[in-house]
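To start, the structure itself, in structure tokens.
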């Protein structure tokens with residue numbers, strides 16, 4: 001009896017072995033000789049029904065595999081589209097299947113149905129279409145880190161690498177961190193190095209630059225300060241697709257090239273020596289190599305690109321617009337980017353204005369400049385000028401003779417700001433003064 005959902009081409013006695021083509025041929029020959037079906041069955045040792053079945057068929061034929069009806073039949077194209085859309089997540093495809101088609105099957109059924117599409121998904125992930133940009137169109141930027149021996153110590157150095165899309169000319173700068181200020185300083189350094197500004201800057205989804213990037217809709221929310229920086233310099237920021245670093249392939253390869261060629265196996269006596277080496281390497285090595293893709297020297301190809309870059313127009317650094325409000329702390333310092341800078345101790349507790357311009361930090365109080373320091377590049381560093389602590393009881397200038405003996409035969413101690421034991425306002429009450 002034929003079962004529902006199966007296509008059975010002929011009847012078979014349950015448990016009876018299938019006859020060989022030779023046996024079936026013998027049945028046909030004996031029948032042609034006038035033998036009856038029972039006599040043939042007795043001769044060959046099979047049932048009479050088996051002989052009748054093969055005689056009806058007219059010869060031997062293999063059993064057909066039962067064809068099971070498929071619950072997802074006819075949905076192949078829909079399954080493929082959804083499977084690729086959801087990046088191979090069969091569980092999400094199952095949810096869509098239930099919501100849109102009202103079909104309830106097991107997850108394993110969906111996985112089996114989508115198995116042929118996995119190869120297409122893997123090929124799509126590996127595929128990279130080379131995209132050549134016209135002159136002046138795009139600059140790709142990224143950071144790479146590496147431990148470098150500097151002054152006998154292993155230091156983690158963050159390498160900012162910028163690559164022009166057309167000429168493949170590189171700009172490299174070393175930093176001690178990868179904060180937003182380093183991204184901006186690296187970009188401004190690249191603009192000055194190339195003598196112009198590209199139309200767009202392709203960047204990674206670093207937290208210092210991108211607040212949100214939806215991988216499905218490609219909606220990008222850039223950091224407010226990055227947006228202001230881009231407006232100031234006149235370029236359009238573009239974020240590469242999340243988890244698709246190959247969309248920024250020129251610079252990804254550039255970072256690897258810097259690590260392998262400029263840095264590998266080298267040690268430096270000081271940070272300044274590293275910076276000088278990178279300047280020499282960009283000029284003498286990177287610019288003068290024959291690029292593997294373009295087949296030309298980046299320095300030569302850059303000649304055609306330079307005219308397409310937007311002019312700098314003597315613009316000051318973006319950080320010039322950086323104005324901060326601070327209150328002087330009890331150790332006579334103000335804090336900026338985790339670093340502390342000294343101010344005259346009489347301003348303890350007072351509000352001050354801090355401006356950072358082209359690597360220089362200035363502190364103003366009541367419209368008057370009261371302190372000036374070079375901006376520190378590291379973290380949690382202290383920059384203290386001795387004259388800011390003059391007049392504090394117990395403080396002695398480092399220039400004074402530490403061996404001098406006072407009338408009480410005691411050595412006068414030189415106390416750095418962090419070692420003061422009392423509130424500085426108490427010392428001011430003792431010595432008095434003002435400006």
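The values are calculated or read from the model by the stated rules, or taken from the named source; none is laboratory data. Every value quoted in this text rests on a predicted model; they were computed, and no experiment measured them. Ideal geometry is used to build each Cβ from the backbone, glycine not excepted, and the neighbour counts take in all protein chains shown.
Among the candidates 25, 90, 115, 123, single out the residue that is at pLDDT 85 or above, closer than 29 Å to residue 217 by Cα and either out of contact with any helix residue (DSSP H, G or I) (no Cβ under 8 Å at 6 or more places or on another chain) or exposed (fewer than 12 other Cβ atoms within 10 Å of the Cβ) (or both). When all the criteria are applied, what remains is 115. Collect the residues in segment 258-303 that are assigned to a strand (DSSP E or B) and in contact with a helix residue (DSSP H, G or I) (Cβ under 6 Å, 6 or more places away or on another chain), keeping them in residue-number order. Scanning segment 258-303 gives a single hit, 268.
Among the residues of segment 165-213, not one is part of a loop (DSSP other than H, G, I, E, B), in contact with a strand residue (DSSP E or B) (Cβ under 8 Å, 6 or more places away or on another chain) and without any contact (Cβ under 8 Å) to a residue 12 or more places away in the chain. Before we move on, is residue 285 closer than 17 Å to residue 146 by Cα and either surrounded by 15 or more Cβ atoms within 10 Å (Cβ to Cβ) or modelled with pLDDT under 95 (or both)? Criteria not met by residue 285. If we scan segment 351-370, do we find a residue that is within 25 Å of residue 178 (Cβ to Cβ) and at pLDDT 95 or above? No, every residue in segment 351-370 fails to be within 25 Å of residue 178 (Cβ to Cβ) and at pLDDT 95 or above. Among the residues of segment 41-58, is any in a loop (DSSP other than H, G, I, E, B), under 30 Å from residue 217 (Cβ atoms) and at pLDDT 85 or above? So far as segment 41-58 goes, no, none of its residues is in a loop (DSSP other than H, G, I, E, B), under 30 Å from residue 217 (Cβ atoms) and at pLDDT 85 or above. For segment 320-336, residues that are in contact (Cβ under 8 Å) with a residue 40 or more places away in the chain, surrounded by 14 or more Cβ atoms within 10 Å (Cβ to Cβ) and not in a loop (DSSP other than H, G, I, E, B) total 1.
For residue 131, the requirement of being within 26 Å of residue 183 (Cβ to Cβ) and either crowded, with 19+ Cβ neighbours inside 10 Å or at pLDDT 90 or above (or both) is not met. The requirement of being modelled with pLDDT of 90 or more, within 16 Å of the chain's Cα centre (by Cα) and surrounded by fewer than 19 Cβ atoms within 10 Å (Cβ to Cβ) is fulfilled nowhere in segment 191-208; no residue meets it. Counting only residues that are assigned to a strand (DSSP E or B) and out of contact with any strand residue (DSSP E or B) (no Cβ under 6 Å at 6 or more places or on another chain), which one in segment 337-359 is farthest from residue 187 (Cα to Cα)? Only one residue fits best here, namely 339.
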